[in-house]
Amino acid sequence: MAGKALVVAEVKGGALRQVALEAITAGRRFEPSEVIAVLLGAGGLDEPAAALGRRGADRIVIVEHESLGAYTPDAYLQALLQVVEREAPEVIVFGHTAIGRDVAPRLAARLGAGMVSDAVDVRSEGGEVRIVRPIYAGKAFEVRTFTDRPAVLSIRPNNLPLPDEAAGRTAPVERLAVDLKDLRSIVREVVKKTAQGVDLAEARVVVAGGRGTKGEEGFRLLRELADVLGGAVGASRGACDAGYADYALQIGQTGKVVTPDLYIAAGISGAIQHLAGMSGSKVIVAINKDPEAPIFQVADYGIVGDLFEVVPILIEEFKKV
Ligand code: FAD
């Protein structure tokens with residue numbers, strides 16, 4: 001490809017999201033003339049810009065505006081349209097995050113561009129870039145190619161490798177002033193529902209609980225195990241519906257999609273809608289009282305037992321490592 005690739009790099013809590021770096025890898029696979037990363041926000045973007053430079057972006061565009069501090073679709077869309085107008089990229093890559101899911105299709109529609117969402121691989125085959133994405137709730141994969149440009153792509157976190165980091169590497173940083181007009185919404189306040197340290201979507205280890213946790217006590221145990229492993233806590237919809245866990249933690253077809261290195265499912269039956277959100281995990285460990293539970297069909301390791309007995313043992317053992 002002769003043209004440019006534009007990576008929309010997301011920042012969360014002042015730090016670059018890991019998927020922004022994976023998006024650089026995705027953009028690079030189109031063999032563009034240049035990978036440009038764009039950062040949107042209200043300020044504090046210099047450190048994320050430096051990180052993008054160390055990880056292989058060829059150029060960074062910082063767009064700072066008071067209305068870009070918290071995400072709103074119209075402010076982000078207007079800002080991105082102005083970046084696209086200036087840079088005329090052939091491919092635009094987003095992370096398949098809450099923001100990416102929302103703004104990428106809007107941008108594609110405004111550009112009249114083709115879009116592929118939730119890609120788990122981007123590879124070059126026979127001179128063509130092929131994009132792999134799960135379908136039928138993760139039961140199958142389809143391979144797509146773009147026949148036209150510009151093209152818009154969103155990638156699922158934790159699937160593509162990170163570009164190598166070169167400690168002294170820097171990339172030119174430019175600032176683009178944008179004109180945001182007639183904004184239909186502004187964010188006055190962001191109220192965080194969960195306060196866990198590790199981002200569930202990008203966590204390397206996820207410890208998830210289902211209805212079998214029977215309540216807060218079960219989730220307290222799971223949080224302890226997640227802390228020992230440096231991971232995040234997730235939940236099935238069964239657990240969320242029962243009020244044991246917040247919906248922000250729900251994993252599955254109608255929740256978050258996670259692909260950690262290690263997924264521990266405790267007291268989760270393994271309904272198809274749950275598997276849609278976690279079956280791409282590299283190693284799956286299931287703890288369930290019922291040896292016939294469907295979760296054991298996707299598990300690499302299965303422990304048939306009561307989670308209230310098994311999890312404390314795991315906590316003690318992992319503490320020793
Ligand atoms: P259950 O199915 O009740 O399973 C509990 C399990 O815990 C059982 O296997 C039991 O053997 C085990 N258990 C009980 N006690 C213990 C113990 N002490 N120790 C060990 N094991 C124990 N679900 C999702 O998770 N995510 C989604 O995004 C989602 N989206 C949906 C969308 C739609 C349109 C629909 C219709 C459903 C969706 N569901 C989703 C719901 C899904 O079908 C299941 O109902 C749900 O996943 C069940 O949750 P669970 O496994 O926690 O509960």
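Could you tally the net charge around Gly3, taking each other residue with its Cβ under 11 Å from the Cβ of Gly3, Lys/Arg +1 and Asp/Glu -1?
Numbers: positive: Lys4, Arg149; negative: Glu31, Glu34, Glu87, Glu90.
Summing Lys and Arg as +1 and Asp and Glu as -1 gives -2.
Using θ = phi - 60° and the Karplus form 6.51 cos²θ - 1.76 cosθ + 1.60, what ³J(HN,Hα) does each residue of region 281-293 get, whole Hz, x for Gly and Pro?
4, 6, 10, 10, 10, 10, 10, 8, 5, 9, x, 8, 4
Amide H neighbours of Ala119 under 5 Å, at least 5 residues apart or on other chains, H built in the peptide plane: list them.
Excluding prolines and chain starts, which carry no amide H, the hits are Ser154, Ile155, Arg156.
Projecting each Cα onto the charge dipole of the chain (Lys/Arg +1, Asp/Glu -1 at the beta carbon, about the Cα centre), which of Ile272, Val11, Leu314 comes out farthest on the positive side?
My answer, from the dipole projection, is Ile272.
For the chain, with all protein chains present and a 1.4 Å probe, just round the carbon and sulfur fraction of the accessible area to a whole percent. Intermediate values should be presented prior to the final figure.
On the way: 7380 of 14940 Å².
In the chain, the share of accessible area belonging to carbon and sulfur is 49 percent.
Any lysines with Cα under 18 Å of the Lys282 Cα? List them, leaving off those in the same chain fewer than 8 positions away.
In chain and number order, the partners are Lys139, Lys256.
Packing-wise, with mean Cβ within 10 Å as the measure, how do 278-289, 152-163 rank, highest first?
On the way: 278-289: 20.4, 152-163: 22.0.
Descending packing order for the listed peptides: 152-163, 278-289.
Please list the non-local residues whose amide H lies under 5 Å from the amide H of Gly234, H modeled 1.01 Å from N, same-chain partners needing a gap of 5 or more.
Counting only residues 5 or more places away or on other chains, the set is Val207, Ala208, Gly209.
Step through the residues of region 10-21 one at a time and calculate ³J(HN,Hα) from phi using the Karplus curve (6.51 cos²θ - 1.76 cosθ + 1.60, θ = phi - 60°), rounding each to whole Hz and writing x for Gly and Pro.
3J(HN,Hα) across region 10-21, in whole Hz: 8, 10, 10, x, x, 10, 5, 6, 4, 5, 5, 6.
For Gly215, enumerate residues with amide H under 5 Å from its amide H, sequence gap 5+ or separate chain, H modeled in the peptide plane.
none
Treating the beta-carbon of each Lys and Arg as +1 and of each Asp and Glu as -1, no other charges, what is the dipole magnitude of the chain about its Cα centre, to the nearest 20 debye?
Numbers: 37 positive and 42 negative charges, 60 e Å.
That gives the chain a dipole magnitude of about 280 debye.
By how many degrees, 0 to 90 and rounded to 10, does the Cα axis of helix 73-87 deviate from the longest principal axis of the chain?
The angle comes out near 50 degrees.
Between the alpha-carbon centers of region 54-114 and region 176-247, tell me the distance in whole angstrom.
Taking the Cα centre of each part, region 54-114 and region 176-247 sit 25 Å apart.
Just how large is the dipole of region 52-169 about the Cα centre, in debye to the nearest 20, putting +1 at every Lys and Arg Cβ and -1 at every Asp and Glu Cβ? Mind showing how you got there, number by number?
Numbers: 15 positive and 16 negative charges, 52 e Å.
For region 52-169, the charge dipole is close to 240 debye.
Report for region 1-126 the percent antiparallel among DSSP-assigned beta bridges with both residues inside it, nearest 5. Let's see the in-between values first.
Values: 2 of 17 bridges.
The antiparallel fraction comes to roughly 10 percent.
How large is the helix-only mean residue ellipticity at 222 nm for the chain, computed as the sum of -39500 (n - 2.57) over DSSP H runs with n ≥ 4, divided by its residue count, in deg cm²/dmol to the nearest 500?
On the way: 9 runs with 90 residues, N = 321.
Mean residue ellipticity, 222 nm, calculated: -8000 deg cm²/dmol.
For the chain, what's the relative contact order in percent, using C-alpha pairs closer than 8 Å and at least 6 residues apart? Let's see the in-between values first.
Details: 714 pairs, mean separation 47.3, N = 321.
Once normalised by length, the contact order is 15 percent.
Roll a 1.4 Å probe over the protein chains and send me the accessible area per residue for the chain in Å².
Details: 14940 Å² over 321 residues.
Per residue, the chain has 47 Å² of solvent-accessible surface.
Can you list the HN-Hα couplings for region 300-306, worked out from phi with the Karplus curve (6.51, -1.76, 1.60; θ = phi - 60°), rounded to whole Hz and with x for Gly and Pro?
7, 10, x, 10, 8, x, 7
The values are calculated or read from the model by the stated rules, or taken from the named source; none is laboratory data. Fair warning: this is a prediction, and the values are worked out from it, not measured in the lab. All Cβ positions, even for glycine, are placed from backbone atoms using ideal geometry, and neighbour counts span all protein chains on display. We work out accessible area using only protein heavy atoms, side chains counted, and drop any ligands, DNA or RNA first. Shrake-Rupley method; radii C 1.70, N 1.55, O 1.52, S 1.80 Å.
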